[in-house]
Structures are given as C-alpha cells and as structure tokens.
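This report concerns only the one structure given below.
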C-alpha cells in the first residue's frame with residue numbers, strides 16, 4: 001500500500017491542499033465514486049502504486065453506500081493531489097439534498113452523516129466543485145452544463161456538456177460507467193453558443209488496460225468509472241490513467257475482496273441491496 005503517504009494524519013492535513021493541488025500534472029491516476037468501499041479503494045491505490053503513478057485525482061463521492069466513509073476520507077486526503085466534491089459528499093453535509101436520492105441511498109447518507117466525526121464533515125465541506133490538475137483539463141463530478149441532466153451517460157447529455165467548458169478535456173464521474181466522448185472543436189467552445197452537431201459526438205467504452213488515443217484536434221469528456229460501485233456489469237473496481245504527453249486515457253479494472261466488502265456493508269446495518277449489487281456490478 002501507499003505507506004510513503006500514510007504517515008499523514010487527517011488532523012495534520014492542510015485543508016487547502018485537499019481542494020486542489022494548484023500544480024499542473026502531465027500524468028496522473030483518476031479515481032471516482034468510491035462510496036465508502038474501503039476494500040476497493042485499497043486495491044485501486046495498490047494498483048496505482050504498482051503502475052508507478054505518484055499523482056492521483058479524485059472526482060468525488062468518497063462517501064455514501066459503503067460502510068467505511070471515515071477511512072475512505074482519510075485515504076483520499078492522504079493519497080490524492082486534487083479532490084473535488086460529489087453529490088453524495090454534498091448530501092452528507094447538507095441534509096436538504098437528501099430528497100434527491102432514492103430510499104437505500106438516502107438511508108446510507110443519513111447513516112454516513114451519523115458515523116462521521118466533525119473533522120471528516122469539515123473536510124468534505126471544504127472540497128471544491130471543480131479543479132484543474134492540468135491547464136487544459138477541468139474536473140467536475142457530474143455534468144459541467146447547468147440544468148437537470150447531470151449524468152453524462154450518453155451522446156445527448158455529452159452534446160449539452162461540451163459547450164459548458166473551455167478546456168480540451170473534462171474529467172467527470174457520477175455515472176459509475178467508464179466511457180470517453182469526443183467532439184470536434186467548434187466556434188464558441190466554452191461560451192454556451194458553440195454546440196457541435198449531434199452526429200459529431202462519438203462515444204467509446206474503453207477496454208481495461210487499452211489506451212484510448214485522444215486526438216489533439218478534438219475535445220474529450222472522460223469518465224474513469226467507479227472504484228466502489230461499478231454499474232457496467234463488471235464488478236471489478238475501475239479507475240483510469242491520463243497521460244497528457246502521450247494524449248492517452250487508459251481505464252484499469254482491479255479485483256478486490258467483494259465478499260468482505262459485502263459482509264462489512266451488512267454488518268453496518270446498511271440496506272442489503274447495497275451489498276448485493278457489488279457482486280454483479282450494477
């Protein structure tokens with residue numbers, strides 16, 4: 001595991017550091033949607049170490065669903081250079097957001113709020129909504145476009161998202177499904193008046209370990225999938241590596257102890273559906 005960073009305690013961590021690193025990184029790992037699944041997070045961080053990657057970006061939803069929110073917050077703060085806030089993170093610190101969630105998710109949010117201490121809740125409250133780990137990359141948890149469609153899950157949602165950012169690349173999570181959208185550069189990118197044509201939006205589902213080449217003449221929206229709750233019928237934890245020098249985005253799938261994660265979820269008294277879905281990636 002990432003012992004070289006584990007010596008940092010949450011109480012000693014600068015809160016300003018967890019919002020964004022303020023540096024430009026050319027190669028880094030991307031994790032998202034951990035959802036309190038410590039077993040999956042530890043396996044992913046170990047694989048990131050094996051790949052000799054020293055910088056990690058977290059796209060939010062550290063908590064929710066899973067039984068180890070406090071330990072996942074600790075690990076993410078210790079290991080990630082850039083962290084943004086997800087909608088589950090927001091709901092834990094803002095009870096008014098609970099109405100947006102279904103029954104099991106709402107129950108998990110209330111449970112999470114009850115077990116987190118003031119330091120962890122304060123850390124979540126200080127996370128930024130966007131970050132720029134590279135000058136040409138913006139990070140956000142859901143869609144960069146304003147409006148009700150915050151899940152960029154298909155080309156129609158991507159069509160609305162592309163004009164909402166000016167960088168050549170947007171990294172996001174929220175859907176729990178790894179995917180890459182690409183579009184041509186058009187006049188007005190990032191100003192709201194430069195919409196690509198629907199037929200110009202391309203989508204691809206990356207295979208594990210196979211780099212997706214990102215053409216410099218096009219713009220991209222990249223989703224690394226979910227560490228702790230995959231929803232693409234593959235139960236393995238998902239993360240990605242972005243290399244801005246080679247212009248590649250590579251999704252990696254990692255096995256972890258799903259049985260142990262399920263048992264811990266049930267032992268915590270969380271809804272059984274949250275344990276059951278881990279085995280099927282749904």
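The values are calculated or read from the model by the stated rules, or taken from the named source; none is laboratory data. Keep in mind that what you see is a predicted model, and the values were worked out from it rather than measured. Here the Cβ positions follow ideal geometry from the backbone for every residue, glycine too, while neighbour counts run over all protein chains shown.
All conditions but one from (1) crowded, with 24+ Cβ neighbours inside 10 Å; (2) modelled with pLDDT of 95 or more; (3) under 21 Å from residue 142 (Cβ atoms) apply to residue 45; the one that does not is (3).
Filtering the stretch 158-167 to residues that are free of Cβ contacts under 8 Å to residues at least 60 places away in the same chain and touching a strand residue (DSSP E or B) at 6+ places or on another chain (Cβ under 9 Å) leaves 159, 162, 164, 165, 166, 167. Selection of the stretch 237-282 for residues being touching a helix residue (DSSP H, G or I) at 6+ places or on another chain (Cβ under 6 Å), part of a helix (DSSP H, G or I) and surrounded by fewer than 18 Cβ atoms within 10 Å (Cβ to Cβ) yields 260, 266, 273, 279. Residues of the stretch 204-236 that are over 24 Å from residue 280 (Cα atoms) and part of a strand (DSSP E or B): 212, 213, 218, 219, 220, 221.
Could you tell me whether the stretch 174-181 includes any residue that is within 13 Å of residue 198 (Cβ to Cβ) and crowded, with 20+ Cβ neighbours inside 10 Å?
Yes: one or more hits.
For the stretch 48-77, the tally of residues that are surrounded by fewer than 24 Cβ atoms within 10 Å (Cβ to Cβ), assigned to a loop (DSSP other than H, G, I, E, B) and touching a strand residue (DSSP E or B) at 6+ places or on another chain (Cβ under 9 Å) stands at 4. Annotation: of all residues in the stretch 143-168 being under 15 Å from the mean Cα position of the chain (by Cα) and surrounded by fewer than 21 Cβ atoms within 10 Å (Cβ to Cβ), the one that is farthest from residue 95 (Cα to Cα) is 153. Looking at the stretch 78-136, the helices (runs of 4 or more DSSP H) lying wholly inside it that each contain 1 or more residues that are touching a residue at least 60 places away in the same chain (Cβ under 8 Å) and more than 18 Å from the chain's Cα centre (by Cα) sit at 103-115, 118-125. Among the residues making up the stretch 20-42, those that are touching a strand residue (DSSP E or B) at 6+ places or on another chain (Cβ under 6 Å) and modelled with pLDDT under 95 are 20, 21, 24, 25, 27.
Scanning the stretch 49-71 for residues that are in contact with a helix residue (DSSP H, G or I) (Cβ under 8 Å, 6 or more places away or on another chain) and touching a residue at least 60 places away in the same chain (Cβ under 8 Å) returns 60, 61, 62, 63, 65, 66, 67, 68. Can you tell me which residue in the stretch 117-139 is farthest from residue 273 (Cα to Cα), limited to those that are touching a helix residue (DSSP H, G or I) at 6+ places or on another chain (Cβ under 9 Å) and buried (at least 20 other Cβ atoms within 10 Å of the Cβ)? That would be 131.
Residues that are in contact with a helix residue (DSSP H, G or I) (Cβ under 6 Å, 6 or more places away or on another chain) and surrounded by 24 or more Cβ atoms within 10 Å (Cβ to Cβ) were ranked within the stretch 80-98; the one that is nearest to residue 240 (Cα to Cα) is 83.
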